[in-house]
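The structure appears right after this line, and notes come after that.
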Amino acid sequence: MIFSALLALKILLFMSITNVENYKGFTFLTSLLITIFLFSILYFSPYRKKNLIAFIIYGIISFIMFVDVMYFSYFNVLPSIKLLSLMKEVGAVGESIRDLFTFKNALFILDLPILLLYIIRIKGREGKTYSKYIKWAVPMSLCICLVVLMSFLGHKGLMATITSQELFTFHIKDIRDALRADEVVLGRSFITDEDIMELKERSKLIEGEYTGIGKGKNLIVIQVEALQNFPINLFYHGQEITPNLNRLIKEKGSLYFNNYYQQIGRGNTSDAEFVSNNSLYPSNEVSVYKAYADNTFYGLPWILRDNGYTAWAFHGYKKEFWNREKAYVNQGFQRFVSEEDYEFTEEETIGFGIIDEVFYNQTLEYIKELDSIDNNPFYAFIISLTSHTPFNMPEEYSYLNIRDEHKDTILGNYLQAIHYADKALGDFLQGLKEEGYYDNSVIAIYGDHFAITGLNESGISLMTDFLDKPYDLDEMMKVPLIIHVPGLEENRTISKLGSQIDFLPTILNIMGYENEKGLMFGRDLINYKGKTFVAPVTYVLKGSFIDDDYIFYMSRDGIFKNSKAKWKDSKEKIEDLSALRDTYELVIDEINKSNYILKTDLLKHIKDGEVNLDHISSTSINEEHILKCYNDPKEELTQATLSGKKVMAVLVKWEKDKVVLSDGTDMDKLARWMEENKDVYISLRTYEEDESIFMKIKEEYSQLLDRFIVEMTDFEHHIKLSNNAYKNIMLNLVGTKYTKEEVLEFLNRSPLKGVIINKSSMDMKFIKDIQNLNIPVYIELEDKMAVAK
C-alpha cells in the first residue's frame, strides 16, 4: 500500500497549496478513504500485474493533482473540465505556464520516474495472497465507511463545502455537471421589466462634467498588455519605469483614474476588450468571444458607428486567437487588422508575437487609411502585446539596470517588459502628434489585467517586499485608466472606484453620445455620485467584491458565513460580515442579470425594440393553495377548474421511456387539456431521482413551459431547469438535506417561484426569512399546498 501512503502525503500537500480552510479533517478523510478504497479493490482483485496497474492509477491521480495546483496557483480556483475548450489558448502561453512550475508543485510528479523504476525492478513479485473473506471484507468495509461519511456530510449540510475543495468529489461533480448540463443560466431564471427599465435608465446620457467635450473627435483606445497600476510614477533605483505614461498623466487635458480595476472572466485579455466596449460582465465559465460570438451587442463600436464613425480593431497576433475574427463582427468592428496584415521578421517578435514598436508604427499607417474613409471620424481600438507574461525580454530591448535580487524574477522581467511597452507607446503617441491626430483625437489608455499574482505566497512575498505595503487582491487587480482630451485646459486625477465595466459610460459622457439601444451595468466615473464596487468573476469566487471600505472574499463553498473580509486600507480582518451582506447580494444580482442577458441573447430583442417585457417578467401565482391532483388527475383537474382554481399540482413519473401522470395517464392528454384551459398553471412533482423527467417534458411540450411550475429538491437541479427551460421553479424542502442557512443562501442567489415546507417542521422565523426575499412559502398538507400567512 505504498501508493496509498504516498497519495496521502500528496493530498496533504494538495490541501495546503489549494488553501483548504473549512472542515479540513473531513476533507482529508474523504480523500483518504476514496484513495484506500480504490487500491483495496485492485490489490484484493484477481488481476495480474497489480503493481503496474496501481502505478498507472497513482500516476493519473498525481497528474490530476499537478494540473490542479498549477491552475490554482494562477487562477485561485480548481479547474473545470469545461476549460478544455480553451486548450488552444493555453498552448499559446506555454512560457507563462512554465513560470508556475515551482518545486512544491513539481512534487506531485517528481517521484513518478523513480516509482516506475521500482515497479520494473519488482516485476513478477505481486505480494502475498489473501483469503476470499479478506478480499471481500476490506473493500466492503471501506465502502461502508465512505457511504456513512457521505451520508453524515449530507445530513449535516457539508457536502457543498467538501465538494468545493476535495480532490475526488470536486472532479466527479464537475464531470457530472458538464455531461448533464448545457450552457446554464446560474442564479435568477428570469429578468424583470423593472430590471430592464433600471438598466435603460442607467444607460442614459446625463449632462454633467466634461459631457460632450470630445464630440466629433476621433477616438483611439489602447489596451496595454498586463499594465498594472503600481508601475505608474514608480522609480526603480533612480530609473523611471513608465516615463511616457507619467508625462501623459501630467499633461493638460489628461484625466487619470487611479482607483480603476480589471474586470475579466475566462477570456482574459479578450474579456477586458469585451467588458470595456460593452459594459456587461464577462462569463466566469467560458470566453465571451468564443461562446457568444453570434450574440447581438450594442457597445462602443456600434454606438459610434450610429453617430457617423468608422470602427476598426488592431492586434498583432493571430486573428483566430480568442475567436476575435468572428466575434468582432457582432461587436461592431468593420475591419480587424491582425498579424497577417503586418510585415515583420522573426527578429521583430518577442515571445507571444510582433514587438510593439513594429506594431505601433504600422498601425499608424493603417490609421491614415482609416482616416481617409468618407472623411468620417474614426474609432481605433488597439491591443498591444509585447508586455505579455512571462516578460522575457531580449537583451537589446532591456533598458533598465535590474538589481541582482530581482534578476530572472517575474518582478525584474516585468519591469523590463513594461518599461519597453511604455517606450513603444510613447513613440506611438509622438507619431500621432507628428501626423496631426493627437490634437483631434480623444485617447484612452488602460491595462487589461494584472501581471504579477497576489494570490500565492511567492507573488505576495515578492511584491509586498518590493512595494513595502501589503500586496493583495486590491493591489493586484488595479490597472490605470488615462483619458486625454484635446482642448481640455486642466489636468486631473479621479479616485472614484471603478472597473473596466465603467469605461463605456465614462467615455460616452466625454464623447457626448448616448447608448440608446443597449444596456450598461457600469457608471460614469466622472459624474456618478453613488456607491460603486468592483465585482471580480475570476481569481476569486462570484460574490466577492472590492468597494471603498472592504475587500470581501466569497467562500469556495458559496456559503456567506464561511467567507472572509478585511478593511481595504488597514488590511485588518473583519470578524462580523453582516454589514457586507447587502453589497454581496447586490453583486450577485448584477452578475446574474448580466449572465442572463448573455445566455439568452436578450440584447437582440432590446436593440430592435421587440422585447416583450410581459414575457420575460415573472408570472405571479396568486392562489391561496395549490390543489394536489394525484389520484385521478384528469377528473380532479376538471373539477378544480370548474370551482375556479387556476393552479393545480400533478405527479409525474417514468413509464419505460415515456412520461405519464401518477395514474398512468399519458402526458399528451394533460397537454391537450392545458391547451383547452389556457389560463391554468400546473405544478409538476416527481419522485424520480433527478431532473431528467422535467427535461423530457421541456423537449416534448415546450409550448407549455411558461405554464408549468416544476418542483426541485436538490440545489444542483436548478442549473439545468433554469437554462432556457422553466421560468417557474419551486423548491421542495420536505425531507430536505439542507440546513436553513444553506436554503436562505441559495434563495438569495437564485430567486424562485416558491418554497414548500413540511407542516411538522414549521419554523415561523424561517418562513418569515424566506418571505422577506419576496418568495412565497407553501405548507405541505395531505391534499394541497397552502400559502403560509
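The values are calculated or read from the model by the stated rules, or taken from the named source; none is laboratory data. Keep in mind the model is a prediction, meaning the values are calculated, not measured. All Cβ positions, even for glycine, are placed from backbone atoms using ideal geometry, and neighbour counts span all protein chains on display. Side chains included, ligands, DNA and RNA excluded: accessible areas come from the protein's heavy atoms. Shrake-Rupley method; radii C 1.70, N 1.55, O 1.52, S 1.80 Å.
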(message) Please list 3J(HN,Hα) in residue order for segment 463-474, calculated via the Karplus relation 6.51 cos²θ - 1.76 cosθ + 1.60 where θ = phi - 60°; whole Hz, with x for glycine and proline.
(response) 6, 5, 5, 6, 7, 6, 7, x, 10, 9, 3, 4
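Quote to one decimal, in nm, the extra length available between K759 and L42 on full extension: 0.36 nm per residue of separation minus the C-alpha distance between them.
Working: separation 717, 0.36 × 717 = 258.12 nm, distance 4.86 nm.
Gain in length upon complete extension: 253.3 nm.
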(message) Suppose each label sits 7 Å from its Cα in the direction of the beta carbon; what would the K82-E343 distance come out to in nanometres?
(response) 4.6 nm
(message) With both bridge residues required to lie in segment 663-789, what share of the DSSP beta bridges run antiparallel, to the nearest 5%?
(response) 20 percent
(request) Using only protein heavy atoms and a 1.4 Å probe, report how much of C143 is accessible, in Å² to the nearest 10. (result) 50 Å²
(message) Cross-link candidates for K407: which aspartates and glutamates have Cα within less than 12 Å, leaving aside residues fewer than 8 places away along the same chain?
(response) none
(request) Starting from the amide H of Y236, placed 1.01 Å from N in the peptide plane, find each other amide H under 5 Å away whose residue is 5 or more places distant or on another chain. (result) I241
(request) Would you kindly find the accessible area of L32, with a 1.4 Å probe and non-protein molecules such as ligands, DNA and RNA excluded, rounding to the nearest 10 Å²? (result) 40 Å²
(message) I'd like the Karplus ³J(HN,Hα) series for segment 109-120: coefficients 6.51, -1.76, 1.60, θ = phi - 60°, whole numbers in Hz, and an x wherever there's a Gly or Pro.
(response) 10, 5, 7, 5, x, 5, 5, 5, 4, 5, 5, 5
(message) Quick query: amide H of G212 versus all other amide H atoms, modeled in the peptide plane; which residues come in under 5 Å with a sequence gap of 5 or more or a different chain?
(response) I510, M511, G512
(request) Work out how much length K656 to R176 would gain on full extension: take 0.36 nm times their residue separation and subtract the Cα-Cα distance, in nm to one decimal. (result) 170.5 nm
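Order the peptides 193-204, 277-288 from the highest to the lowest mean number of other Cβ atoms within 10 Å of their residues.
Values: 193-204: 15.2, 277-288: 25.6.
Ranking the peptides 193-204, 277-288 by packing returns 277-288, 193-204.
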(message) Filter K326/K604; K604/K634; K10/K566 down to the pairs with a C-alpha to C-alpha distance above 29 Å, please.
(response) K604/K634; K10/K566
(message) Can you tell me the orientation of helix 193-202 relative to the chain, as the angle in degrees between its alpha-carbon axis and the longest Cα principal axis, to the nearest 10?
(response) 10 degrees
(request) Compute the distance in nm between two label points, each set 7 Å from the Cα along the Cα-to-Cβ direction, one at K204 and one at N307. (result) 1.8 nm
(message) For the chain, take the longest principal axis of its alpha carbons; what is the angle in degrees between that and the long axis of helix 50-75, to the nearest 10 within 0 to 90?
(response) 50 degrees
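Which percent, to the nearest 5, of DSSP beta bridges fully inside the chain are antiparallel?
Working: 32 of 80 bridges.
DSSP beta bridges in the chain are roughly 40 percent antiparallel.
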(request) Would you indicate which of (i) 67, 37, 23; (ii) 42, 39, 23; (iii) 48, 38, 23 is the value of semi-axes √(5λ) of the Cα gyration tensor in Å derived from the coordinates of this structure? (result) (iii)
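Determine the calculated [θ] at 222 nm for the chain from helices alone, applying -39500 (n - 2.57) to every DSSP H run no shorter than 4 residues and normalising by the residue count; nearest 500 deg cm²/dmol. Intermediate results must be reported in sequence, preceding the final value.
On the way: 30 runs with 327 residues, N = 789.
That calculation yields -12500 deg cm²/dmol at 222 nm.
What translational diffusion coefficient, to the nearest whole µm²/s, does segment 616-747 have by Stokes-Einstein, given a Kirkwood radius computed over alpha-carbon pairs, a temperature of 25 °C and 0.890 mPa s viscosity? Don't jump to the answer; show the numbers that get you there.
On the way: Rh = 15.4 Å.
This corresponds to a translational diffusion coefficient of 160 µm²/s.
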(message) Need the list of lysines near K759 for cross-linking: C-alpha distance under 16 angstrom, and skip anything on the same chain fewer than eight residues off.
(response) K628, K740, K768, K784, K789
(message) Using amide H atoms built in the peptide plane, which far-off residues or other-chain residues are under 5 Å from L481 H to H?
(response) F257
(request) Measure nothing but the geometry: give the 0 to 90° angle between the long axis through the Cα atoms of 269-278 and the longest principal axis through the Cα atoms of the chain, rounded to 10°. (result) 90 degrees
(message) Please list 3J(HN,Hα) in residue order for segment 692-701, calculated via the Karplus relation 6.51 cos²θ - 1.76 cosθ + 1.60 where θ = phi - 60°; whole Hz, with x for glycine and proline.
(response) 4, 5, 5, 5, 5, 5, 4, 5, 8, 9
(request) Can you work out the accessible area per residue across the chain, with the rest of the protein chains kept in place, probe 1.4 Å, in square angstrom? (result) 43 Å²
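Given 0.36 nm per residue, what is the gain on full extension from D690 to I134 after removing their alpha carbon distance, in nm? Kindly include the intermediate steps, with their values, before the conclusion.
Values: separation 556, 0.36 × 556 = 200.16 nm, distance 3.61 nm.
Extra length available between D690 and I134 comes to 196.5 nm.
If packing is taken as the mean number of other Cβ atoms within 10 Å per residue, what is the order of 527-534, 58-65, highest first? Provide the component values of the computation, followed by the final result.
Details: 527-534: 15.4, 58-65: 17.9.
Result, highest mean first: 58-65, 527-534.
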(message) In whole percent, and with a 1.4 Å probe on the protein chains, what portion of the accessible area of the chain is carbon and sulfur?
(response) 53 percent
(request) Report the calculated FRET efficiency for K50 and N677 (r = Cβ-Cβ distance, R0 = 56 Å), to the nearest 0.05. (result) 0.30
